[in-house]
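Written below as structure tokens is the structure these notes are about.
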Amino acid sequence: MISNEQIAHDLVMVYLNNKYGVDVIGDFDVYSDSERNVYGSGKVKTNRFSEPAEKLEMRKVPTGKKYFGLINETKKVPTGNTLYPMDDVFIKIIQDYRKAYSRFLSLLTGSVE
């Protein structure tokens, strides 16, 4: 028999897929004639997450050191926080996973408050 934990996990995956899945926007019309030929037209656009970044975005900032009194030394530092660009989305998905898993598991085990 499948464990309640596995069922809760599977239900969370369905939930997250619905919440974070691809958004499809647009119109599409389909027509068929008496000879069962099908025709269609329209525009459809899908929105997906961007790819996870492989490295942090960096920018150059002055270190305060000067060479010959004229040339400022710079060093590369991460822009903004030290998270990768997709990390905010990943963190939100993990938080949602944990909340939903806990909720589903409590529903399955009958320990709903």
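In this structure, Lys45 does satisfy being modelled with pLDDT of 75 or more, outside the structural domain of Phe104 (by the TED database), in a strand (DSSP E or B) and under 18 Å from the mean Cα position of the chain (by Cα). When residues in region 68-92 are screened for being in a helix (DSSP H, G or I), loosely packed, with under 12 Cβ neighbours inside 10 Å and modelled with pLDDT of 80 or more, 1 of them pass. Considering every residue within region 22-36, establish whether at least one is in contact (Cβ under 8 Å) with a residue 12 or more places away in the chain, on the phi < 0 side of the Ramachandran plot and under 15 Å from the mean Cα position of the chain (by Cα). Looking through region 22-36, at least one residue is in contact (Cβ under 8 Å) with a residue 12 or more places away in the chain, on the phi < 0 side of the Ramachandran plot and under 15 Å from the mean Cα position of the chain (by Cα).
The values are calculated or read from the model by the stated rules, or taken from the named source; none is laboratory data. Quick caveat, the model's predicted, so the values are computed rather than measured. With ideal geometry, Cβ positions are generated from the backbone for all residues, glycine too; neighbour counts draw on all protein chains shown.
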